[in-house]
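A short write-up of the structure that comes next.
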Amino acid sequence: MEENSGYIWPIEPKYKVAEHDKYGIRKNHYVLFKQRAHSGFDITADIGTKVHPISEGVVLLAEFDGTTTEGYDAFNDGYGNKVEILNDDGRRVVYGHLREFYVKPGDRVTKETIIGITGTSGGSRVPHLHLEIRKNNTEETGLKYTIDPLELLPKIDLKSLKEEFEEEPYASLWRILVSDNPWGFTKEDIPYSEDKNIIR
Ligand SMILES: [Zn+2]
């Protein structure tokens, strides 16, 4: 069903979109190396790209989330530096893997506010913004509690995004993600895979 959410893109997408970026079930995950649900949409971005809220709202959280799951000690799987905003429409939105954030809980934000800059902190191995839209104001993640951001953001033709991401050491993994064998990566292909807590 079409909905006019009034949302904007938090950053302008420009790089090719990989299957790994999309909302839904990933056949392989580049931190956990197994099938896993993805509750958001990932927008590949140069480190340091300014991030805006998709809608007006109030900041609920701005903190480092370094969750490590499922015993993969070397593989931090968290959101990294994240900002969570309660939109005025009642949805909670998570902006993950930031390099830095510039807001604090209680701050009122508009679409003009710069809430932070993109990075690759937490469970990220290619610089990107993880955008997650929860159906309501819940701390729960997962497909049951979230909406595919592409259903709510201004429509774009993903195939029109053709730019190549070139910053090493991330670009070698990114090229696999956008290749004809997008799930064919192994631990050897993952930059900094032994580096547990570094914020990038
Ligand atoms: Zn993501």
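The values are calculated or read from the model by the stated rules, or taken from the named source; none is laboratory data. Keep in mind that this is a model prediction, so the values were computed, not measured. All Cβ positions, glycine included, derive from the backbone under ideal geometry; neighbour counts span all protein chains shown. Heavy atoms of the whole protein, side chains included, go into the accessibility calculation; ligands, DNA and RNA do not. Shrake-Rupley method; radii C 1.70, N 1.55, O 1.52, S 1.80 Å.
How many angstrom lie between the Cα centre of the stretch 168-191 and the Cα centre of the stretch 72-132? That distance is 23 Å.
For the chain, the solvent-accessible area with a 1.4 angstrom probe is 47 square angstrom per residue. When the helices of the chain are scored as -39500 (n - 2.57) per DSSP H run of n ≥ 4 and the total is divided over every residue, the value at 222 nm lands at -1000 deg cm²/dmol. Computed from point charges on the beta carbon alone (+1 for Lys and Arg, -1 for Asp and Glu), the dipole magnitude for the chain about its Cα centre is near 220 Debye. Computed across the stretch 135-191, the Kirkwood radius stands at 14.5 Å (inverse of mean 1/r, all Cα pairs). Computed from label points 7 Å out along Cα-Cβ, the spacing between F33 and N4 is 5.0 nm.
Accessible surface of S160, taken over heavy atoms with a 1.4 Å probe and every protein chain present, rounds to 70 Å².
For the chain, the fraction of 1.4 Å probe accessible surface lying on carbon and sulfur atoms is 48 percent.
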